[in-house]
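First up is the structure itself, then whatever we jot down about it.
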Amino acid sequence: MKINGFEYHQLPGADGVTLNVAVGGSGTPVVLLHGFPQTHLMWRHVATKLATEHTVICPDLRGYGASDKPADGYAKRTMAADIVAIAQALGHSTFAVAGHDRGALVAFRVALDHPEVVTHLLSLDVLPTLDMWDVLHGTTAAVGFHLFLMAQPPGLAETLIAGAPDTFFGHFLDIWTKDPTAIPADIRTAYLDASRAAIPSIVADYRASATIDVTHDTEDLAAGNKLRMPVTVIQQDWGSALGFDAAALWGAWAPDLVHQTTTAGHFLAEERPEEVVTALKDLLNRQLA
C-alpha cells in the first residue's frame, strides 16, 4: 500500500542500509517518523494535508516496513543518522521532524545529535527513553510489558512473538486506539503483514532502547545537552495515570517547549489527524524563544 500522490524512493541510510521513503508535496521539508507496530502508512492523512504546503518525507524506519532489516544497528543514534542521510539524498540540509512512538525516539535523537539540521521537533505520545524507564515501576509497569519482554537477550522474545505474531502485534493495534475505525481492515492487515516479517529487527530496536539508548541519553543528560529548537509534545495523560509530571520531564530536555495532552488514543495521527496537523503548523511558525 502507498500514500496517495506520493512518490517512492529507495534511499541510502547511514551505514549501507536502504530505506523505503515516500515523498510528496513541495516547500520546506518535514520528515514524519512512524511508530510501532506500524509503517510510514500511519501518516497517510497527515502527510497529504501537509503536502499542500511542504515537502513531506515519510520513511519506513530501518527494521520496519519495506526498509532493510539488518541484524543489528538499532541504536537511535544510528537510526537518526539514517534520517539525516535520506534528507540529504533528497537535497535537504535542514528539516523539521515529527515522530510517533518509536519514531519519536528516533526524532528525539536526530534533534539532539544534529541540532544544526533539525529546525523544529514534534513528539507524539512518548517520553524520552531514559525517562520512560524511570517512570515504569510497580504494578503500573504492566502496561509496558512488551518493553521488558523485548529487552531480554536475543532469542526469547523473538521465539515467543513468532509463535503468535498477529495476536501479539494486533493486541497493541486494538488496545491503544480509542477509535477502532481509525485503523481500517486493509491498513491493519498491512501493519500485521509488515510486523510479522520484521520480528527480529523490531525486537532489536526495542532491545536497543533498554541498552545503548539508555547509555546515550544518560551521557547527554550528564553533559547538559538540550534540544535547541522549538519542541511540541502531544501525548495522552499518562502522567496522571502512572504518577509523573510529563511536562516537567520533557521540560528538562526542551527549554522551548509546548506540551499538550490529548483525549485521543495512542494512534492520534490516525484518530485525530487534524489535531496533529494544526499542532505541527503552529510549531513550524514558532521561532526559538
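The values are calculated or read from the model by the stated rules, or taken from the named source; none is laboratory data. Computed from a prediction, not measured in an experiment: that's the story for all the values here. Note that each Cβ is placed from the backbone with ideal geometry, even for glycine, and that neighbours are counted across all protein chains shown. Accessible surface is based on the protein model in full, side chains and every heavy atom, while ligands, DNA and RNA are left aside. Shrake-Rupley method; radii C 1.70, N 1.55, O 1.52, S 1.80 Å.
Some notes on this structure:
- Any hit, the stretch 139-159, residues being of a type in the set (A, V, I, L, M), touching a Pro at 6+ places or on another chain (Cβ under 7 Å) and in contact (Cβ under 8 Å) with a residue 60 or more places away in the chain: no
- Among (1) touching a Phe, Trp or Tyr at 6+ places or on another chain (Cβ under 9 Å); (2) under 25 Å from L130 (Cα atoms); (3) small (G, A, S) - the single one A81 does not satisfy: (1)
So that you can scan it fast, the table gives a plain yes or no per residue for (1) within 23 Å of V110 (Cβ to Cβ); (2) of a type outside the set (K, R); (3) out of contact with any helix residue (DSSP H, G or I) (no Cβ under 9 Å at 6 or more places or on another chain):
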residue: A210; (1), (2), (3): yes, yes, no
residue: H216; (1), (2), (3): yes, yes, no
residue: E219; (1), (2), (3): yes, yes, yes
residue: N225; (1), (2), (3): yes, yes, no
residue: P230; (1), (2), (3): yes, yes, no
residue: I234; (1), (2), (3): yes, yes, no
residue: W250; (1), (2), (3): yes, yes, no
residue: P255; (1), (2), (3): yes, yes, yes
residue: E274; (1), (2), (3): no, yes, no
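- Filter result for the condition that a residue is in contact with a strand residue (DSSP E or B) (Cβ under 6 Å, 6 or more places away or on another chain) and modelled with pLDDT of 95 or more, over G63, G13: G13
- Filter pass, M132 being crowded, with 22+ Cβ neighbours inside 10 Å and either touching a His at 6+ places or on another chain (Cβ under 9 Å) or over 19 Å from L283 (Cα atoms) (or both): no
- Checking each residue in the stretch 229-272 for being in a helix (DSSP H, G or I), more than 22 Å from E219 (Cα to Cα) and open to solvent by less than 20 Å² (accessible area, probe 1.4 Å) picks out G239, L268, A269, E270.
- One residue stands out in the stretch 104-138 among those that are assigned to a loop (DSSP other than H, G, I, E, B) and not hydrophobic (A, V, I, L, M, F, W, C): the one that is farthest from G265 (Cα to Cα), namely E116.
- Meets criteria (hydroxyl-bearing (S, T, Y) and either within 17 Å of H34 (Cβ to Cβ) or in contact with a Phe, Trp or Tyr (Cβ under 6 Å, 6 or more places away or on another chain) (or both)) for T140: no
To keep it simple, each residue is scored yes or no on (1) touching a Lys or Arg at 6+ places or on another chain (Cβ under 6 Å); (2) surrounded by fewer than 20 Cβ atoms within 10 Å (Cβ to Cβ); (3) over 25 Å from A190 (Cα atoms).
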| residue | (1), (2), (3) |
| --- | --- |
| T18 | no, yes, no |
| P29 | no, no, yes |
| E53 | no, yes, yes |
| V56 | no, no, no |
| P70 | no, yes, no |
| H92 | no, yes, yes |
| P115 | yes, yes, yes |
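- Sole residue being within 15 Å of the chain's Cα centre (by Cα), crowded, with 20+ Cβ neighbours inside 10 Å and free of Cβ contacts under 8 Å to residues at least 40 places away in the same chain, chosen from A111, A22, A107, A80: A80
Condition check ((1) within 19 Å of D125 (Cβ to Cβ); (2) out of contact with any Gly (no Cβ under 6 Å at 6 or more places or on another chain)) across all residues:
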position: Q10; (1), (2): no, yes
position: L33; (1), (2): yes, no
position: A51; (1), (2): no, no
position: P59; (1), (2): no, yes
position: G65; (1), (2): no, yes
position: A75; (1), (2): no, yes
position: T78; (1), (2): no, yes
position: A85; (1), (2): no, no
